[in-house]
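The values are calculated or read from the model by the stated rules, or taken from the named source; none is laboratory data. A quick note: this is a predicted structure, and the numbers were derived from the prediction, not measured. Neighbour counts are summed over all protein chains in view; Cβ atoms, including those assigned to glycine, are modelled from backbone coordinates with ideal geometry. Heads up: the accessible areas ignore ligands, DNA and RNA and are worked out on the full protein's heavy atoms, side chains in. Shrake-Rupley method; radii C 1.70, N 1.55, O 1.52, S 1.80 Å.
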Amino acid sequence: ETELFFPIIKKIEEISGLKYADENKKSFRIIADHIKAATFILAEGLEPSNIEQGYVLRRLIRRAIRYGKQLSINDIFTFKVAQSVIDIYRDVYPELKEKKDFIEEQLIREEEKFTNTLERGLKEFEKLNKKGISGKEAFDLYQTYGFPFEITVELAKEKGVAVDEKEFNEEFKKHQELSRTASAGQF
């Protein structure tokens, strides 16, 4: 509740129509923190991707989106939250102002892409065994629906069930080996 986060929290209240209250604090804090970090990373010119720093950026944005959905935010919203970050830091970090269009464009693109993934993945997640999720099931969510493993683990934890991470990693390694073998066979 500092002056560096409060305007961001206020923007999330405005977007969600909810108050920063006990039942929502976790979601508000995650969205504020993750979009703030993503905004600064994007200002450096990095784009969301599946590798290295771009992957970390993608995870930050996607986790914020997931918590936005928990607040029943159904419109594209991350770029609006980023605008609050830019407003707070515009004088100290002029590159935020300079890269504003790029930041907004990247957030909108990632949110549109992930919203479809999230909806499909959540439907499939709900069909899974309520006593536990096998690594194969988690890998199928990842491979077939693009549903991030971290979100599977987070959702499972919220429901009080475990995910077999060891089996997921084994399935992932098998997939990588098959991909390498197929690639090598083409050359």
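Could you do me a favour and compute the accessible area per residue for the chain, 1.4 Å probe, result in Å²? Walk me through the numbers on the way to the answer.
Numbers: 10770 Å² over 187 residues.
With all protein chains present, the chain gives 58 Å² per residue.
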key: Dipole magnitude (debye, nearest 20) for the chain, charges at Cβ of Lys, Arg, Asp, Glu   = 440
query = When the label point is put 7 Å from the Cα of E98 along its Cα-to-beta-carbon vector, which residues of segment 23-50 have a backbone N closer than 12 Å?
reply = 43-45
ask   = Quick one: which of K127/K166; K69/K131; K25/K127; K36/K97; K10/K97; K69/K136 span more than 23 angstrom between C-alpha atoms?
value = K69/K131; K25/K127; K69/K136
key: Protection-proxy order for peptides 111-122, 25-36, each taking the mean of Cβ atoms within 10 Å per residue, highest first   = 25-36, 111-122
note = Whole-percent carbon and sulfur contribution to the accessible surface of segment 14-80 (1.4 Å, no ligands, DNA or RNA) stands at 47
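How much FRET efficiency would the formula 1/(1 + (r/R0)^6) give for D87 and N116, where r is the Cβ-Cβ distance and R0 is 35 Å, rounded to 0.05?
On the way: r = 30 Å, r/R0 = 0.85.
The computed FRET efficiency comes out at 0.75.
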key: For Rg and Dmax of the Cα atoms in Å, calculated from these coordinates, the label among (1) 16.4, 51; (2) 18.3, 58; (3) 15.4, 49   = (2)
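Can you give the extra length, in nm with one decimal, that the chain gains between E150 and I76 once fully stretched, where that is 0.36 nm per residue apart less the Cα-Cα distance?
Values: separation 74, 0.36 × 74 = 26.64 nm, distance 2.19 nm.
That pair, E150 and I76, stretches by 24.4 nm at full extension.
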key: Pairwise FRET efficiency - K166 versus K130, Cβ, R0 = 25 Å, nearest 0.05   = 0.75
ask   = Which of the aspartates and glutamates could be linked to K11 by a straight reach, that is with a Cα gap under 16 Å, when you skip same-chain ones fewer than 8 residues away?
value = E1, E3, D33, D75, D87, E104
